[in-house]
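This report refers to the structure that appears directly beneath it.
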Amino acid sequence: MIRNFEDAKAQLKPHLREYLEEKGLNTSGNICCINPNHEDHNPSMGLVPGSDYTILHCFSGNCGANYDIIDAYSILEESPTEGAGWLVSTFIPLCNKYEVPIELDELTEEDKYRYSVYRAYDRAAAIVRTAEPTSLMLDEIDKRKWNIIKVRDRFGVGSISFEDFVKGMHSYGYTRKFLEDIDLYNYNIFNEKGLIIPIKDDRGAVCGFVTRNLTCNKNKDIKKFFNTSKKCPIYNKSEILFNFDSARHKTPPLYITESYMDTITLVLNGMENVVGIGATALTDEHLDLLKRYDMNDIILALDFDEAGQTATAKYVEQLSGNTGLNLNVLMPSESLDMSEVADPEDFILKYGMDAFKTLPVVGAFEWKLLNDDYRSHPFDLAKNTVPIIANDPSPIERAKMCTILAKHTGIDITIIKDELD
């Protein structure tokens, strides 16, 4: 693998002007567009000052191509844009040319192919982010009270027709077959009737997309979300937590929500330490990801409706007793009307972020004692709660919880302590 892949790409970008001038192109004005699919008889491409001259943009309305140095090198040197050859014949030679260090382990042909897929998904995300917003997208953003500039800059959301998306990918040199092979030739994901959200892995590399179908609000029989499929070799939904690449750098605790939308709304309202499970269940792979980055202080902030609370119960069981994991649960408010509040985003839209911050947070032990299902089954409650007690590092707290559990269930405290031992 390349341990500094994203950093190496960033270090290459400032060399665009230098490279173009080496190729004999005058960068002080416009040049003929280098897009192979654009016959430009009136020079319409130039460096973008607002990008610190790291982006080459075609100002022709029929083209609109955006290239960084890697794209320009691939086009002007006629080197590969896709497949295993991209890494060997385009990316690595360009890094060597500008003395950008690469932390490189031994790579298989499959590894080399995967890096070209990462590059394709990065280009796809750039097309989505810079596309002209559709009216459906603008209505959706307005409904959720998102700042359009912030949500596009922070999360890269967008909406674009399938035809325009494919045209944009062809301008980078990608073939239809390659796009089909890696699930980028996908109408369900890329269409003007959806809100398209790039998904990043824990290193911050775009590895997939999710699209919120904006036509299903009035028809519940229509599928709401479409995800990148298993055809994509770099996307595994069960290993990814949405926004984890950013949240892992923030001060704990880490809030875990159910959805992409909840996460975006929380982040745009100032809460950066939040991730979304997103259209799947919380998996053992997710737990391994949290452990790998020492994310041990967790707050489950799932939906407030019946399905969300059922999921909360499931995850409390799943996570309880994991060594070193401090598990807490965000509770619905007893003082506010929650009848029309299904999830964290609904709550913020109705009551505001300040009110959200006052919602009670209880430990997993206390949550179980408060849960109606467990109160009616004292022996199950005791058996399933002891792992939470065992996980507490303080002997005093363990003794305190044993006493509370004994009183709550009517089970002799010596039996609970025996179970604990």
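Among the residues making up the range 170-210, those that are more than 19 Å from F155 (Cβ to Cβ) and acidic (D, E) are E180, D181, D183. If only residues of the range 328-354 that are in contact with a strand residue (DSSP E or B) (Cβ under 9 Å, 6 or more places away or on another chain) and farther than 20 Å from N384 by Cβ are counted, the one that is most open to solvent (accessible area, probe 1.4 Å) is D343.
For the range 282-327, the tally of residues that are modelled with pLDDT of 90 or more, surrounded by fewer than 18 Cβ atoms within 10 Å (Cβ to Cβ) and farther than 22 Å from P360 by Cα stands at 9. For the range 226-247, a residue qualifies if it is modelled with pLDDT under 95 and either part of a helix (DSSP H, G or I) or open to solvent by less than 10 Å² (accessible area, probe 1.4 Å) (or both), and the qualifying residues are K237, S238, E239.
The condition (being closer than 20 Å to M169 by Cβ and at pLDDT below 95) is satisfied by just one residue among N62, N26: N62. For the range 53-71, taking the residues that are part of a loop (DSSP other than H, G, I, E, B) and among the hydroxyl-bearing types (S, T, Y), the one that is most open to solvent (accessible area, probe 1.4 Å) is identified as Y53. Against the conditions (1) more than 28 Å from the chain's Cα centre (by Cα); (2) loosely packed, with under 12 Cβ neighbours inside 10 Å, G50 satisfies every one except (1). Condition first: at pLDDT 95 or above and of a type in the set (F, W, Y). Can you find one or more residues in the range 218-225 that meet it? No, the conditions are met nowhere in the range 218-225.
Name every residue in the range 154-198 that is outside any loop (DSSP other than H, G, I, E, B) and of a type in the set (V, I, T), in order of residue number.
V166, I196, I197
For G363, the requirement of being modelled with pLDDT under 85, of a type in the set (G, A, S) and open to solvent by 20 Å² or more (accessible area, probe 1.4 Å) is not met.
Summed over the range 299-318, the residues that are assigned to a loop (DSSP other than H, G, I, E, B) and under 21 Å from the mean Cα position of the chain (by Cα) give a count of 3.
For Y172, indicate whether it is surrounded by 14 or more Cβ atoms within 10 Å (Cβ to Cβ), under 20 Å from I75 (Cβ atoms), in contact with a Lys or Arg (Cβ under 7 Å, 6 or more places away or on another chain) and not small (G, A, S).
Against the criterion (surrounded by 14 or more Cβ atoms within 10 Å (Cβ to Cβ), under 20 Å from I75 (Cβ atoms), in contact with a Lys or Arg (Cβ under 7 Å, 6 or more places away or on another chain) and not small (G, A, S)), Y172 qualifies.
A Cβ distance below 7 Å, combined with a sequence gap of six or more or placement on separate chains, defines the contacts here; from the range 1-25, residues that are under 16 Å from I75 (Cβ atoms) and in contact (Cβ under 8 Å) with a residue 24 or more places away in the chain reach residues that are open to solvent by 50 Å² or more (accessible area, probe 1.4 Å) and assigned to a helix (DSSP H, G or I) in the pairs K23/L76.
Here is the figure for the range 115-153: residues that are assigned to a helix (DSSP H, G or I) and open to solvent by less than 70 Å² (accessible area, probe 1.4 Å) total 21.
One line per residue, one yes/no per condition, for (1) in contact with a Lys or Arg (Cβ under 7 Å, 6 or more places away or on another chain); (2) among the small types (G, A, S); (3) on the phi > 0 side of the Ramachandran plot:
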residue: I2; (1), (2), (3): no, no, no
residue: P14; (1), (2), (3): no, no, no
residue: Y19; (1), (2), (3): no, no, no
residue: S28; (1), (2), (3): no, yes, no
residue: V48; (1), (2), (3): no, no, no
residue: C58; (1), (2), (3): no, no, no
residue: L87; (1), (2), (3): yes, no, no
residue: K97; (1), (2), (3): no, no, no
residue: L107; (1), (2), (3): no, no, no
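Among the residues of the range 33-47, the one identified as open to solvent by 60 Å² or more (accessible area, probe 1.4 Å), within 16 Å of Y172 (Cα to Cα) and free of Cβ contacts under 8 Å to residues at least 24 places away in the same chain is E39.
Taking the range 1-36 as the range and being farther than 30 Å from D105 by Cα and in contact with a helix residue (DSSP H, G or I) (Cβ under 6 Å, 6 or more places away or on another chain) as the test, the residues that pass are K23, T27, I34, N35.
The values are calculated or read from the model by the stated rules, or taken from the named source; none is laboratory data. The model shown is predicted, which means the values in this text are computed figures rather than measured ones. All Cβ positions, glycine included, derive from the backbone under ideal geometry; neighbour counts span all protein chains shown. Calculation scope for accessible area: heavy atoms of the full protein, side chains included, ligands and nucleic acids excluded. Shrake-Rupley method; radii C 1.70, N 1.55, O 1.52, S 1.80 Å.
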